């Protein structure tokens with residue numbers, strides 16, 4: 001049980017975007033100097049990690065959520081809506097920087113998947129946000145492999161392996177059903193492909 005909680009924590013949806021950006025700067029050719037990379041990384045970390053934590057603390061203080069696990073669909077709606085907006089504006093900001101425009105896809109794709117997820121929640125269909133974030137990461141790096149014609153196979157295999165491990169952990173913790181796990185993963189991956197096709 002402890003192992004499954006550990007996996008769910010280190011691969012939490014608010015951690016994955018920062019990891020994705022770090023991998024992007026390490027693996028993908030770009031012209032940003034180290035200082036610019038750190039500024040970008042700081043912005044991403046601030047908006048995708050620190051801001052969600054602050055939002056959850058405020059919601060808990062206002063008694064709008066019982067705990068930080070957000071077990072019910074009702075508790076997930078407000079944070080989800082706010083993160084749709086945050087990821088969209090992060091994508092928009094990065095898209096305006098031609099040197100790293102393709103990095104915007106990660107955030108546009110995540111925003112799209114969260115937007116679709118929001119409507120699934122309205123229809124009372126719960127989906128794994130943990131696996132949604134991993135699906136977005138996989139879709140993003142598959143697109144980068146195609147765009148830059150570089151071998152990212154090891155990274156892609158690691159993402160698939162970690163996704164399986166995370167999905168298994170979410171099931172062992174009784175946080176989701178298999179259907180919710182698969183739906184989240186494929187929704188994330190397909191959202192990246194949709195953004196790539198239309199941008």
Quiz prompt | C-alpha long axis of helix 153-172 to longest principal axis of the chain, angle in ° | solution = 0 degrees
Quiz item: If you wrap a convex hull around the C-alpha atoms of the chain and split its volume per residue, what is the figure in Å³?
Solution: 116 Å³
Quiz item: Most exposed first by the Cβ proxy, i.e. fewest other Cβ within 10 Å, how do 39, 14 rank?
Solution: 39, 14
Quiz item: For the range 1-113, what's the relative contact order in percent, using C-alpha pairs closer than 8 Å and at least 6 residues apart?
Solution: 23 percent
Practice problem: Report, please, the projected area of the range 1-85 averaged over directions, based on the convex hull of its C-alpha atoms, in nm². | Solution: 7.2 nm²
Quiz item: Where does helix 73-95 land angle-wise versus the long Cα axis of the chain, in degrees 0 to 90, nearest 10?
Solution: 10 degrees
Quiz prompt | Paramagnetic reach from residue 53 (point 7 Å along Cα→Cβ, amide N under 11 Å) across the range 1-38 | solution = 15
Quiz item: Going by how many other beta carbons lie within 10 Å of each one, how would you line up 102, 96, fewest first?
Solution: 96, 102
Quiz item: How far apart, in nm, are the 7 Å Cα→Cβ label points at residue 179 and residue 26?
Solution: 3.8 nm
Quiz item: How far is helix 178-198 tilted, in degrees, relative to the longest principal axis of the Cα atoms in the chain, given as a value from 0 to 90 rounded to the nearest 10?
Solution: 30 degrees
Self-check item: Centroid-to-centroid separation of the range 4-59 and the range 161-199 [C-alpha atoms, Å]
Solution: 19 Å
Quiz item: Is it possible to state the helix-based mean residue ellipticity at 222 nm for the chain, with each DSSP H run of 4+ residues giving -39500 (n - 2.57), the sum divided by total residues, to the nearest 500 deg cm²/dmol? What is it?
Solution: -25000 deg cm²/dmol
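Values in this text are rule-based calculations from the coordinates and carry no lab data. Computed from a predicted model, the values in this text were never measured in an experiment. Cβ: placed from backbone, ideal geometry, glycine included. Neighbour counts: every protein chain shown.
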